[in-house]
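A short write-up of the structure that comes next.
Just so it is clear, none of the values below were taken in a lab; they were calculated from the coordinates. If you're wondering where the values come from, they're calculated on a predicted model, not measured in any experiment. Note that each Cβ is placed from the backbone with ideal geometry, even for glycine, and that neighbours are counted across all protein chains shown.
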Amino acid sequence: MLEMLEESQLQDLPMKQVKCPACGKPATYAGNPDRPFCSERCRLLDLGQWADEGYRIAGKPAAPEQNEYDPGE
Ligand SMILES: [Zn+2]
């Protein structure tokens, strides 16, 4: 009984998923500030890829270690 209830609730949620362009993992679209990426980390990673092609963002350190932080959801 309870399991059936939970299942129907899950199906009701608009959990649209997209494929993260950076790592290819499924990323939640709804309520995801980093969409279409799965996480802020992947978003920054992808940003860094095209930024490396002669397009640098001023004010942002290029060191990958400093970009490593959790959004803390
Ligand atoms: Zn990703």
* Taking K and R as +1 and D and E as -1, what net charge do the other residues with C-beta under 13 Å from the C-beta of Val18 add up to? -> +4
* Structure fact -> Which residues qualify? For Lys19, with a placed amide H closer than 5 Å and at least 5 residues away or on another chain, they are Ala27
* Structure fact -> Burial-style ranking of 15-23, 34-42, average other-beta-carbon count within 10 Å with highest first, yields 34-42, 15-23
* To do: Run the quick spin-label model on Asp70 and Thr28: label points 7 Å from Cα toward the beta carbon, then report their separation in nm to one decimal.
  => 1.5 nm
